[in-house]
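K.L.:
Before we start, here is the structure in question, set down as structure tokens.
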Amino acid sequence: MATMAPPMQPRRPTRQVNIGNERTGIVRIGGDAPVVVQTMTTGYTHAVDDCVTEINRLAAAGAQLVRVAVPERKDTEALAEIIKQTTVPIVADVHFHFKRALEAVEAGVHKIRLNPGNISDRDQVNAVIDACRDAGLPIRVGVNEGSIVERKDKQKRLRELGRFFSEHKQGHLIALMITRLEEYMDIFDARDFQDVVISAKSMDAAMVIDVYTEISKRFDYPLHLGVTHAGPRETGSIRSVVALGTLLANGIGDTIRISYAGDAADEVVDGLELLYCLGRRTRIGAELIACPTCGRIQVDLFTLVQDVRRKLADEIQLPLKVAVMGCVVNGPGEAEGADVAVFAGDRRGIIYVQGKRVANVPEAEILDRLLQECRLFQDRVRSGDATLGDK
Ligand code: SF4
């Protein structure tokens, strides 16, 4: 008997943490807050001007939190000036040296990330917890597959965790990540500190799905989803969307970071689109529908689609559905389902607004006329004369 795919699951209930202040605005993660998109800078934090430029560019792309690496003292020394010149909450990414966390808190950072794989001394962790509590800052406990050290009692813990872990091809790694989190969270529990977000990343998409699914059963902290070292956008996007999309559809995940070996702004753009597609965020800006083209194509659609995409991003803030179709086969159907649409025929573009034909223009004029209709329609929606999606 054929089995049906399960429907989208409601969000898993979690605690909520708040990040930021009056100046940056408060970003809420977990609970009833929409899923948050975050990213990380690619340059040196101590290069203040470049770092500020990158952070502001990422915030403009839609990043709600931006993480920066602080491997050296000169990086934490730069934080105060960076925070002064940016308006998005900043997360200090701390590895190996717990003092970097203390320095970052002192500098006014808005959240700390610790890696249990390389800061495990209880007194050091307690010092960071106490500093964050005093400053009102949350901590992300971020386990990475790559920085997990094999435990000697692995087999015993595997048996304790049960059949799933014993039979899973990477069950021992999943078990290690969970046990490391359990041990680490004991330190936080003993300190009565619950202002925590958890992550457990791997470069293996299937493993990310499994480990977060298991973690979601064991902790009620908000979860930060990510596939680490996902590679360049061309392949990393598939890897990330498979893992994060599956988890989000299952109701798991409160903030996401897609990571690419490339421009971090692409991580933000793709993360937002993933959330829009799954209905986990209310869309800001137009939704573009375009045909893939085929031998019936009537205009240079690839160029037109890219031009339309760029212009819509600049000029349209409301979630208009805009369709760009190459010929009459599917064009009229999509045109009727969109707020503004064009379908090509005989090197011309026939433009529709909510199912009504409004223009028939030569190919060279399609872009300008389509954008003009989008702007006019957006104005009508804003003034209450039209409603999105009203056919
Ligand atoms: S809309 Fe026309 S050109 Fe585009 S893919 Fe469909 S049949 Fe081909």
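The values are calculated or read from the model by the stated rules, or taken from the named source; none is laboratory data. This structure is a prediction, so every number in the text was calculated from the model and none was measured. Here Cβ is always computed from backbone atoms with ideal geometry, including for glycine, and neighbour counts include all displayed protein chains. With ligands, DNA and RNA removed, areas are computed over all heavy atoms of the protein, side chains included. Shrake-Rupley method; radii C 1.70, N 1.55, O 1.52, S 1.80 Å.
K.L.:
Give all pairs with beta carbons closer than 6 Å in which a residue from region 317-333 that is farther than 16 Å from Gln306 by Cα meets a residue that is within 6 Å of the ligand (Cβ to nearest atom) and at pLDDT below 95; count only pairs at least 6 apart in sequence or on separate chains.
P.N.:
As it stands, the answer is Cys327/Arg296; Gly331/Met325, since those pairs meet every condition given.
K.L.:
Restricting region 1-15 to residues that are surrounded by fewer than 16 Cβ atoms within 10 Å (Cβ to Cβ) and under 20 Å from Gly253 (Cβ atoms), which is modelled with the lowest pLDDT? If you could, list the steps in order and put the result at the bottom.
P.N.:
Our first condition is that a residue be surrounded by fewer than 16 Cβ atoms within 10 Å (Cβ to Cβ); within region 1-15, this holds for 1-10, 13.
Within this subset, residues satisfying the condition of being under 20 Å from Gly253 (Cβ atoms) are 5-10, 13.
Numbers: Ala5: 58, Pro6: 66, Pro7: 76, Met8: 86, Gln9: 93, Pro10: 93, Pro13: 95.
Ranking the qualifying residues of region 1-15, first place goes to Ala5.
K.L.:
Sort out which residues of region 224-237 are closer than 25 Å to Pro138 by Cβ and within 12 Å of the chain's Cα centre (by Cα), and write them in order of number.
P.N.:
Answer for region 224-237, where residues must be closer than 25 Å to Pro138 by Cβ and within 12 Å of the chain's Cα centre (by Cα): His224, Leu225, Gly226, Val227.
K.L.:
Give me the strands (runs of 3 or more DSSP E) completely within region 260-375, filtered to those with at least 3 residues that are away from the ligand (no atom under 13 Å from the Cβ), ordered by residue number.
P.N.:
Ranges flagged: 348-353, 356-362.
Each row is one residue, and each column tells you yes or no for (1) among the small types (Gly, Ala, Ser); (2) in the same structural domain as Arg375 (by TED's automatic domain parsing).
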position: Ser216; (1), (2): yes, no
position: His224; (1), (2): no, no
position: Thr246; (1), (2): no, no
position: Gly253; (1), (2): yes, no
position: Ile258; (1), (2): no, no
position: Leu274; (1), (2): no, no
position: Val299; (1), (2): no, yes
position: Val305; (1), (2): no, yes
position: Lys321; (1), (2): no, yes
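K.L.:
Considering region 345-368 alone, what residues qualify as being closer than 19 Å to Pro332 by Cα and open to solvent by 70 Å² or more (accessible area, probe 1.4 Å)?
P.N.:
Kept after step one, since they are closer than 19 Å to Pro332 by Cα, are these residues of region 345-368: 345-363, 366-367.
Asp346, Arg347, Arg348, Lys356, Arg357, listed by residue number.
K.L.:
In addition: Based on this model, can you work out whether Ile258 counts as touching an Asp or Glu at 6+ places or on another chain (Cβ under 7 Å) and either modelled with pLDDT of 95 or more or buried (at least 21 other Cβ atoms within 10 Å of the Cβ) (or both)? Walk me through it before giving the result.
P.N.:
Working: touching an Asp or Glu at 6+ places or on another chain (Cβ under 7 Å): yes; either modelled with pLDDT of 95 or more or buried (at least 21 other Cβ atoms within 10 Å of the Cβ) (or both): yes.
Answer is yes for this residue.
K.L.:
Also, quick follow-up: Please tell me if Thr246 is outside any strand (DSSP E or B), open to solvent by 20 Å² or more (accessible area, probe 1.4 Å) and either touching a Leu at 6+ places or on another chain (Cβ under 7 Å) or within 11 Å of the ligand (Cβ to nearest atom) (or both).
P.N.:
Here the answer is no, as Thr246 does not meet what is asked.
K.L.:
While we're here: Let me confirm something: among Gly279, Gly245, Gly262, which residue is of a type outside the set (Lys, Arg) and touching a Pro at 6+ places or on another chain (Cβ under 7 Å)?
P.N.:
Being of a type outside the set (Lys, Arg) and touching a Pro at 6+ places or on another chain (Cβ under 7 Å) holds for just one of Gly279, Gly245, Gly262, which is Gly262.
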